[in-house]
Amino acid sequence: MPSLLQRTAQAVQGLVTGLGVTFQNLARPKVTLMYPLEKSNVSPRWHGLLALPVDTETGNDKCIICFQCERICPSRCIHIEATGKGKERVLTRFDIEMDKCQYCGLCVEVCPTEAIVFTPHYEASTYNRANLLYTLEDLHRAAPKEPVARGILR
Amino acid sequence: MSSGGPEVTRMVRIPADGSKTAPVEQLVEVLHRLPGGQILVTSIENVLNWARARSIWPLTFGLACCAMEMMQAMGTRFDLDRFGVIPRATPRQADLIIVAGRCTIKMAPVVRRLWEQMPEPKYVISMGSCATCGGPFYYDNYSILKGIDTVIPVDVYVPGCPPRPEALIEGVLKLQEKIQKERRLTRRLGEAAPAGA
Amino acid sequence: MPSLRTEELILNMGPQHPSTHGVLRLLVTLDGENIVEVQPDIGYLHSSVEKMMEHRNYTQNIALADRGMDYLSALVNEMAVIRAAETLAEVPVPERARYIRTIFMELQRLASHLLWLGTYGIDLGAFTAFLWCMRERELIMDLFEAVTGGRLHHVYFRLGGVNEDLPPGWTDRCREFCHYFLNRLDEYHKLLTGNPIWQARTQGIGVLTRDQAIAFGACGPVARASGLAWDVRKSHPYEVYDRVEFQVPVYTEGDCYARYLVRMDEMREATRIILQCLDQMPPGEVRAPRVPLNLKVPPGEVYTRVESPRGDLGIHLVSTGGETPWRVKIRAPSFVNLHALTEMMKGWKVADIIAILGSIDIVLADVDR
Ligand code: SF4
Ligand code: SF4
Ligand code: SF4
């Protein structure tokens, strides 16, 4: 057992080393991101909310109704229905249950026309689970359904 | 007094019709009837909400992968402490339970009990697809609960698998908005009125 | 003097306990302050992954392996599942993809060990460690996000390669991070390794001898801290581990402190592996052509193993020639190490439960699957 003096010396040494690191860190740049006021740039590959963006040339989405995304989806959360034959086929339903989706990106990978894509949006919290069912209209809009919360900071 | 024990003095007066009214509520009721009292009650309520919304203490409670993102949100870069969200280790001191991750049928009674142990007012955030509805474990699965809202009432749903820490923070902000709009005192008055009428 | 009547007390720890790293329940039998016996009660996170895998094809199983198994080492799980299928179907993998996979598995090891260090710090009362580890972990998450698009769950590896090539400039970012991280690692050593409180809480606590480690089949850092030089990356090299130079840290004490040191050294080795891979990586394809997403794996049976941050992760795959596996059995390292816990805990004090439990680094999703 070291003597009291030795232990005290040890403790003081530890304190000085620790405080040294503290003061070093004071001089470093801050890492905290002031979230609602400033936002980080998500990477272009980020798996955010899904969307079927509208093509500006044709005024419609690029989906050719091949059902591949519906088939590969591991969560089985894409629901597609279509009417008509051949070229006249139109989507009557394209729903994605965003609450069941696991944001894996397999649907984006298999889509032959890049109709379904990830958007950089990730803020979609809601008071009601039913709001997380994104219909064709919401997917065309390619944005969260509800305005982003600002909290009590107005 | 058949048991012969000392007579019990009730601290809370129970009205003859059986509906319980705490002294605070009686006070609010009296205030409400005074001239200009409604404004007073609303102001008191706003102050209370102001305090509540700025100090939501969650329970440190992680179930699965989403808990890692919850830790990141409490970590250095996102720092949930900025919003007065300080994790507490016991449900008795917590206002909020963040259900982060999938909940199994075996775990469901535990979550329910934790929620019951929290004092009012209490809030629930369901974080991630699994807590919201079972998510990736919805089909072909025999052990995961299909959504935590079958067990406890949820206030805010945060989608994502896992949600980014920012998304969780947005959920907390949404909860703050909700708390700010809450009418706890006057709602009780409104409930009591038809019963008394 | 008549002896005081004492009796054993059963203490119930969990499933909600801030230090059990998930939903583990421990039934601790106590005699005064001494632990007589510890019984782990598991199954609070059983997500029936093995059953679900039988209903999903191999590509969908990659997404499931991320989540259902050890979620702190998602990419290593993907590797385990993919390696089993690739071995059976004899899928060719381009060289560049092999290097990318190795880099990502080692980054994942860093992220996992950092989280362990942070939470272990909280358990033992060193909160600064948590904040620092989270700071470095965010940088790894940024590296992940730039390539895979996910922070925790990636779905990045594919049968016959990886999903996408690295974006331009990523290798430089990664190299920069590695050098930055090595400096930070020295700082962690300064903060914790020589810290008298840290040493008092971990040194000599929860000893697992070499024989006991072998008897329990312990693996990973737990075995290596007990003097068992066992690492799948060295003994059964996969991907490019036979082409990079690294050491397997081994300590003989078998206590919590040794397990801590093993992980600290592993982080340094992982950084070395990443730097070597970045230098050696050839240009070229990252994904073998003509490997369909719903690949039919020929009938057969295979057992493959990879070294996850927690130890020896094995997959036993039985295929009958369909798009989906017929049966998958996962040999989870945390599950095995959890059994050694009963032996490690015997005779220690109540306050050491947290220190010992934290030191074996279990992930409950890995235990229960
Ligand atoms: S991201 Fe994955 S889970 Fe979500 S809709 Fe696409 S395939 Fe389905
Ligand atoms: S894979 Fe693409 S084109 Fe085919 S149905 Fe889905 S969104 Fe439409
Ligand atoms: S939503 Fe995703 S990240 Fe969260 S617990 Fe479920 S599988 Fe894990």
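Details
- Out of B:Gln180, B:Gln176, sole residue that is surrounded by fewer than 19 Cβ atoms within 10 Å (Cβ to Cβ) and touching a helix residue (DSSP H, G or I) at 6+ places or on another chain (Cβ under 6 Å): B:Gln180
- You will find that of A:Leu91, A:Leu33, A:Leu133, the residue that is surrounded by 14 or more Cβ atoms within 10 Å (Cβ to Cβ), more than 16 Å from ligand 3 (Cβ to nearest atom) and over 30 Å from B:Leu168 (Cβ atoms) is A:Leu91 and no other.
- Entirely in the stretch B:15-122, the helices (runs of 4 or more DSSP H) that have 1 or more residues that are within 14 Å of chain C (Cβ to nearest Cβ): B:66-74, B:108-117
- Hits in the stretch C:27-68 (condition: among the aliphatic types (A, V, I, L, M) and modelled with pLDDT under 85): none
- Residue identified as over 15 Å from the mean Cα position of the chain (by Cα) and on the phi > 0 side of the Ramachandran plot among A:Gly59, A:Gly105, A:Gly20: A:Gly59
- A count restricted to the stretch B:123-163 and to residues that are in a loop (DSSP other than H, G, I, E, B), away from ligand 1 (no atom under 16 Å from the Cβ) and either at the interface with chain A (Cβ under 9 Å from one of its Cβ atoms) or of a type in the set (Asp, Glu) (or both) stands at 3.
- Where a residue in the stretch A:100-113 is in a loop (DSSP other than H, G, I, E, B) and its partner, wherever it lies, is within 16 Å of ligand 3 (Cβ to nearest atom) and among the β-branched types (Val, Ile, Thr), with Cβ under 8 Å and at least six apart: A:Cys104/C:Val155; A:Gly105/C:Val155
Matching residues to (1) over 15 Å from A:Thr135 (Cα atoms); (2) within 14 Å of chain C (Cβ to nearest Cβ); (3) open to solvent by less than 30 Å² (accessible area, probe 1.4 Å); (4) of a type in the set (Asp, Glu):
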{"site": "A:Glu57", "(1), (2), (3), (4)": "yes, no, no, yes"}
{"site": "A:Glu70", "(1), (2), (3), (4)": "no, yes, no, yes"}
{"site": "A:Cys77", "(1), (2), (3), (4)": "no, yes, yes, no"}
{"site": "A:Ala82", "(1), (2), (3), (4)": "no, no, no, no"}
{"site": "A:Lys85", "(1), (2), (3), (4)": "yes, no, no, no"}
{"site": "A:Asp95", "(1), (2), (3), (4)": "no, no, yes, yes"}
{"site": "A:Thr119", "(1), (2), (3), (4)": "yes, yes, yes, no"}
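- Residue check for A:Ala124: part of a loop (DSSP other than H, G, I, E, B), open to solvent by less than 20 Å² (accessible area, probe 1.4 Å) and more than 16 Å from ligand 3 (Cβ to nearest atom): no
- Being in contact (Cβ under 8 Å) with a residue 12 or more places away in the chain, crowded, with 19+ Cβ neighbours inside 10 Å and within 14 Å of chain A (Cβ to nearest Cβ) is not true of C:Leu208.
- Within the stretch C:92-110, residues that are surrounded by 24 or more Cβ atoms within 10 Å (Cβ to Cβ) have Cβ atoms under 6 Å from residues that are of a type in the set (S, T, N, Q) and in a helix (DSSP H, G or I) in these pairs: C:Gln108/C:Ser73, counting only partners at least 6 apart in sequence or on another chain.
- The residue that is farthest from ligand 2 (Cβ to nearest atom), counting only those in the stretch A:38-54 that are open to solvent by less than 20 Å² (accessible area, probe 1.4 Å) and away from chain C (no Cβ under 14 Å), is A:Ala51.
- Taken over the stretch B:52-65, the residue count meeting the criterion of being open to solvent by 10 Å² or more (accessible area, probe 1.4 Å) and hydrophobic (A, V, I, L, M, F, W, C) is 2.
- Check on C:Val328, assigned to a strand (DSSP E or B), of a type outside the set (Lys, Arg) and either at pLDDT 90 or above or surrounded by 14 or more Cβ atoms within 10 Å (Cβ to Cβ) (or both): yes
- Neighbours by Cβ (under 8 Å, 6+ apart or cross-chain): first from the stretch C:246-270, over 17 Å from C:Arg310 (Cβ atoms) and open to solvent by 40 Å² or more (accessible area, probe 1.4 Å); second among the β-branched types (Val, Ile, Thr) and part of a loop (DSSP other than H, G, I, E, B): C:Glu253/C:Val207
- Of all the residues in the stretch C:141-168, those that are more than 16 Å from ligand 3 (Cβ to nearest atom), within 11 Å of chain B (Cβ to nearest Cβ) and buried (at least 20 other Cβ atoms within 10 Å of the Cβ) number 0.
Each row is one residue, and each column tells you yes or no for (1) over 29 Å from C:Met69 (Cβ atoms); (2) under 21 Å from the mean Cα position of the chain (by Cα); (3) β-branched (Val, Ile, Thr).
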residue	(1), (2), (3)
C:Leu152	no, yes, no
C:Gly161	no, no, no
C:Pro168	yes, no, no
C:Asp172	yes, no, no
C:Gly194	yes, no, no
C:Thr209	yes, no, yes
C:Gly217	no, yes, no
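- Unmet criterion (only one of (1) buried (at least 19 other Cβ atoms within 10 Å of the Cβ); (2) more than 14 Å from chain B (Cβ to nearest Cβ); (3) within 20 Å of C:Thr271 (Cβ to Cβ)) for C:Glu138: (2)
- Unique match (being away from chain B (no Cβ under 14 Å) and buried (at least 23 other Cβ atoms within 10 Å of the Cβ)) among C:Tyr71, C:Tyr58: C:Tyr58
- When A:Glu97, A:Glu88 are checked against the criterion of being more than 11 Å from ligand 2 (Cβ to nearest atom), under 17 Å from A:Leu139 (Cα atoms) and among the charged types (D, E, K, R), A:Glu97 stands alone in meeting it.
For every residue, the table says whether it meets (1) within 16 Å of the chain's Cα centre (by Cα); (2) at pLDDT 90 or above.
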residue	(1), (2)
C:Pro292	no, no
C:Glu301	no, yes
C:Gly321	no, no
C:Thr342	no, no
C:Lys346	no, no
C:Leu357	yes, no
C:Val367	yes, no
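- A:Ala27 fulfils the conditions (1) touching an Asp or Glu at 6+ places or on another chain (Cβ under 8 Å); (2) over 28 Å from C:Pro168 (Cα atoms) except for a single criterion, (1).
- Scanning the stretch C:178-197 for residues that are open to solvent by 60 Å² or more (accessible area, probe 1.4 Å), among the basic types (Lys, Arg), modelled with pLDDT under 90 and touching a helix residue (DSSP H, G or I) at 6+ places or on another chain (Cβ under 6 Å) turns up nothing.
The values are calculated or read from the model by the stated rules, or taken from the named source; none is laboratory data. All of these numbers come straight from a predicted model, not from anything done at the bench. Positions of Cβ are generated from backbone atoms using ideal geometry, with glycine treated the same way; all protein chains shown enter the neighbour counts. Calculation scope for accessible area: heavy atoms of the full protein, side chains included, ligands and nucleic acids excluded. Shrake-Rupley method; radii C 1.70, N 1.55, O 1.52, S 1.80 Å.
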